[in-house]
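Undergrad: Got a structure here, written out as structure tokens. Questions coming.
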Amino acid sequence: MGVACASVQPKPTTDTACTDAKALCWNFEEGTLPSGWTAGRDEFSGQLLVDDSRARSGRYALHAKGLVGGKEGTQGGPKKTLRFELPAHFGPVMWGRAYVYTTPARPASHAGLFNARYPRPGSADRAFDTLDWYEVATFREKYMAIWHPPEPPGFPEWVQVSDTPLVLDRWTCLEWLFDGANGDHPEAAEPRVWLDGVELSWPERFIFSDPPTTAPLVREKATDFTVIEAGVFLYQGLSVPTDWWLDDLAVGTQRIGCEPGQQSR
Ligand SMILES: [Ca+2]
């Protein structure tokens, strides 16, 4: 897997290269916020920074440190994110990959890790709060994926909750496919997610809206993904201070895949 990717950062110091020449990859080995990333959400307590407290590759990773605030079951929680504007004409299909390490406990609350957004069909609006989006997250201690209309409010949303508990205290490889084109189908595809190469299944699938709605949910199709957001964003409270690390984040138009085992700490 030695093909270099069109990186927006200095040459990786490890073999974290992407196989897709058009992919964007971040291994955080600059030791600081990579070029092009800007501060996103910042609510409640904790920090989001690049540091050397734990790394899956090299020395550095993106660290969501000591997130805490609010109460489980109550809306509002710690949110610490970064955003990155994608190059023009990214296209309507996004494959992604990130290594994630979580400790010490599995949040019950909805904890987003990554999302990607695109303009509504026929819309020239590019403002963040006008975009449809796909998300990878955890909820009730299990992995989750969602398709959302623009946020706020971000619903009615299409929710898929897996039967796979969030893995604690080791690096895991999360992959996702957000197919906003979905061939000739009238709607964008449901999100798909893999954990360490195994595709997750979704025994719970439902539409969520607050207040509840009987309006049909339409997963609007994409022309181009325009922006991504990474970090950790809890929609309800988190009473146990929790740390996450993300490393070797990559997005592209083809599957990036997980790498063979590599020393991590
Ligand atoms: Ca790294």
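The values are calculated or read from the model by the stated rules, or taken from the named source; none is laboratory data. Please read these numbers as outputs of a predicted model, since none were measured by experiment. Neighbour counts run over all protein chains shown; Cβ positions are idealised from the backbone, glycine included. Just so you know, the surface numbers come from the protein's heavy atoms only, side chains and all, with ligands and any DNA or RNA stripped out. Shrake-Rupley method; radii C 1.70, N 1.55, O 1.52, S 1.80 Å.
Undergrad: Suppose we keep only residues that are open to solvent by 20 Å² or more (accessible area, probe 1.4 Å) and under 19 Å from the mean Cα position of the chain (by Cα) within the stretch 87-99. Which one would you say is farthest from the ligand (Cβ to nearest atom)?
TA: Pro92
Undergrad: Can I ask one more? Could you check the stretch 159-178 and list, in sequence order, the residues that are open to solvent by less than 40 Å² (accessible area, probe 1.4 Å) and in a strand (DSSP E or B)?
TA: Across the stretch 159-178, the qualifying residues are Val159, Gln160, Val161, Ser162, Thr164, Thr172, Cys173, Leu174, Glu175, Trp176, Leu177, Phe178.
Undergrad: So, in the stretch 197-211, of the ones that are over 20 Å from Met94 (Cβ atoms) and assigned to a loop (DSSP other than H, G, I, E, B), which residue ends up nearest to the chain's Cα centre (by Cα)?
TA: Ser201
Undergrad: Got a number for residues in the stretch 28-53 being over 16 Å from Val232 (Cβ atoms), open to solvent by 50 Å² or more (accessible area, probe 1.4 Å) and not β-branched (Val, Ile, Thr)?
TA: Within the stretch 28-53, residues that are over 16 Å from Val232 (Cβ atoms), open to solvent by 50 Å² or more (accessible area, probe 1.4 Å) and not β-branched (Val, Ile, Thr) number 3.
Undergrad: Right, next: Go through Gly91, Gly77, Gly73, Gly122 for me and flag whichever is part of a loop (DSSP other than H, G, I, E, B) and without any contact (Cβ under 8 Å) to a residue 12 or more places away in the chain.
TA: Gly122
Undergrad: With respect to Gly154, is the statement that it is open to solvent by 10 Å² or more (accessible area, probe 1.4 Å) and either farther than 17 Å from Val93 by Cβ or assigned to a loop (DSSP other than H, G, I, E, B) (or both) true?
TA: On the way: open to solvent by 10 Å² or more (accessible area, probe 1.4 Å): no; either farther than 17 Å from Val93 by Cβ or assigned to a loop (DSSP other than H, G, I, E, B) (or both): yes.
It is false that Gly154 is open to solvent by 10 Å² or more (accessible area, probe 1.4 Å) and either farther than 17 Å from Val93 by Cβ or assigned to a loop (DSSP other than H, G, I, E, B) (or both).
Undergrad: Here is a further query. Any residue at all in the stretch 54-71 that is open to solvent by less than 10 Å² (accessible area, probe 1.4 Å), more than 15 Å from the ligand (Cβ to nearest atom) and modelled with pLDDT under 95?
TA: No, because not a single residue in the stretch 54-71 is open to solvent by less than 10 Å² (accessible area, probe 1.4 Å), more than 15 Å from the ligand (Cβ to nearest atom) and modelled with pLDDT under 95.
Undergrad: Being exposed (fewer than 13 other Cβ atoms within 10 Å of the Cβ) and of a type in the set (A, V, I, L, M, F, W, C) is the filter here, so list the residues in the stretch 186-219 that pass it.
TA: Passing the criteria: Val198, Phe206, Ala215.
Undergrad: Another one. Within the stretch 177-190, is even one residue more than 16 Å from the ligand (Cβ to nearest atom), within 25 Å of Ala105 (Cα to Cα) and of a type in the set (S, T, N, Q)?
TA: Step one: filter the stretch 177-190 for residues more than 16 Å from the ligand (Cβ to nearest atom), giving 177-190.
When the remaining residues are screened for being within 25 Å of Ala105 (Cα to Cα), the result is none.
No; the residues of the stretch 177-190 include none that is more than 16 Å from the ligand (Cβ to nearest atom), within 25 Å of Ala105 (Cα to Cα) and of a type in the set (S, T, N, Q).
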